[in-house]
Amino acid sequence: MDFDHITFGIADGIARITLNRPDRLNAFAPGMPLEIKAAVEMADRDPKARVIAITGAGRGFCAGADLTAGTAAQPDEERDAGKLLETQYNPMILTMRSCEKPIVALVNGPCAGAGMSLALACDIIIAGESAVFLQAFCNIGLVPDAGSTWYLPRQVGRARAMGMALLGEKITAREAEDWGMVWKTVDDDALEAEGGKVLARLAAGPTRGLGLIRRAMHNAQSQTLAQQLDTERDSQRVAGSTRDFAEGVQAFLEKRPAKFTGR
Ligand code: T3D
C-alpha cells in the first residue's frame, strides 16, 4: 500500500510507522490518520510484525492537526470540526486500542494537540530529552480530542490533566516522565538506540501474551473489579495455551533465556 504522509515498513519483528511531514512538524494532513490506521491494521495482521513503533521524521513527533489544511482552512459556513474526528481521528484511535500487539511511541520532539493524543494512545512512550508535550487545543479555541480527555486524566491524574488542557502549556519530557505519562526519557541522540532496545525486546517477546496484557490493562480503565478478574481469567486461558508459555517455563527450568516465537 502506498502512503502519502507516513512511511511504513517491517524489519526484525518491528513494524515502524514514521509520520513524514517534517516541514510541518508532522502535523496531521487530512487522510493521514487513516494512513496510520491502515498501517496499524497491516502490522496487526502480519505475523512478521510483533511490535509497532510510531515516530516522527525530522525534529518533531506530531504537532496535531495541520492548521493550514483541513477543517482550519475551511470557510466558516462549511466548517464542521467534528467531521474529521468522526471519520479519521476516532477510527485511528479505536484501531490502536483494539490492536493485538504492543505499540511504542518514540517521541522525538514537539508532541502537540492530536499528536499528543496519538502518543497517549500508545502503550509505552519513550521520549527524547528535548521533546515537549502540550494540549494545544485550548490555545486555538478547541477542545482536546482524539482520546486525550480519556487517556490523559487516567495517565497523569485529573489535576494535571486539567492544568494541561485548560492552560495549553508545554511540559518537558522529564516532567512527563515524573508525571507517569512517559516510560523513559533519554538523550535525544540515544532515542533510536534506547527505543530500539525496548522494541527489540518486545519483538522477541511472547506476542500473544503481550497483546493480552495490553488489552487487559486497557479494559481495566472501564471495568469493575469483578469484570476485570474475568478478563484476567479468560486472558490467562489463552496465554496458557500458547507455545510461548510452554517455552517460557521450559527455559526457566533449564536456566536459559526463553526463545519466544510469538505463537
Ligand atoms: O478537524 C480538525 O482538524 C479538528 C482537530 C483538531 C486536532 C488538533 O490537533 S488541534 C491542535 C493543533 N495543533 C496546534 O495548535 C499546535 C500548533 N503548533 C505549535 O504550537 C508549535 O508549532 C509547537 C509547540 C508544536 C512547536 O513549536 P516550535 O517553536 O518548536 O516550532 P514552530 O516554529 O512553531 O513550527 C515549525 C513549523 O511547523 C512552522 O512552519 P514554518 O514557519 O517553519 O513554515 C509552523 O508553522 C509549522 N507548524 C507547527 N505546528 C503546525 C504547523 N503547521 C501546521 N499545523 C500545525 N499544527
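Computed from the coordinates by the stated procedures, all read-outs in this text should not be read as laboratory data. No experiment lies behind these values; they were computed from the predicted model shown. Please note: Cβ atoms are built from the backbone with ideal geometry, for glycine as well, and neighbour counts cover all protein chains shown.
Explain nothing, just the number: relative contact order of segment 80-198, from Cα pairs under 8 Å at least 6 residues apart, as a whole percent.
28
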Can you give the local net charge around D23? Use residues other than it whose beta-carbon is closer than 13 angstrom to its beta-carbon, Lys and Arg +1, Asp and Glu -1. +2
Amide hydrogen neighbours beyond the local backbone of S130, cut-off 5 Å, H modeled: D188
With no solvent term and unit scatterers on the alpha-carbon positions of segment 84-192, Debye gives log₁₀ I(q)/I(0) at q = 0.16, 0.17 Å⁻¹ of -0.67, -0.75
Filter the GluC sites (Glu not before Pro) in segment 210-262 to those in DSSP coil with at most 14 other Cβ atoms within 10 Å of their Cβ, and list the result. E254
Given the options C138, C99, C122, state which has the largest fluctuation in a GNM of the chain using a 10 Å cut-off (strictly under) for Cα springs. C138
Length-normalised contact order of the chain, Cα under 8 Å, at least 6 apart, in percent, tallies to 16
Pull up the cross-link candidates among the aspartates and glutamates for K83, meaning alpha carbon to alpha carbon under 18 Å and not fewer than 8 places away within one chain. E35, D66, D145
So in segment 6-203, what percent of DSSP beta bridges are antiparallel if you round to the nearest 5? 30
How large is ³J(HN,Hα), in whole Hz, for each residue of segment 238-247 in order, when computed from phi with the Karplus curve 6.51 cos²θ - 1.76 cosθ + 1.60 and θ = phi - 60°, using x for Gly and Pro? 5, 4, x, 9, 8, 5, 5, 5, 4, 5
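Do the sum for the chain: with -39,500 (n - 2.57) for every DSSP H run of n ≥ 4, divided by all residues, what is the mean residue ellipticity at 222 nm, to the nearest 500 deg cm²/dmol?
It comes out at -12500 deg cm²/dmol, rounded to the nearest 500.
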Could you list, bin by bin from short to long, the percent of Cα-Cα pairs of the chain in 10 Å steps? 7, 29, 35, 20, 7, 1, 0
Taking the chain as a Gaussian network, Cα atoms linked when under 10 Å apart, which of P33, P91, P47 shows the biggest mean-square fluctuation? P47
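How would you classify segment 1-157 from its alpha-carbon gyration tensor, with a ≥ b ≥ c the square roots of the eigenvalues: rounded for a/c under 1.5, else prolate if a/b is greater than b/c, otherwise oblate?
prolate
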Above-threshold pairs, the threshold being 32 Å between Cα atoms, out of K48/K170; K37/K255; K197/K255: K48/K170; K37/K255
For the chain, modelled as a Gaussian network with Cα springs under 10 Å, which listed residue fluctuates most, K83, K48, K37? K83
Please compute P(r) over all alpha-carbon pairs of segment 135-263, binned at 10 Å starting from zero, and give each bin as a whole-number percent. 11, 26, 30, 24, 8, 1, 0
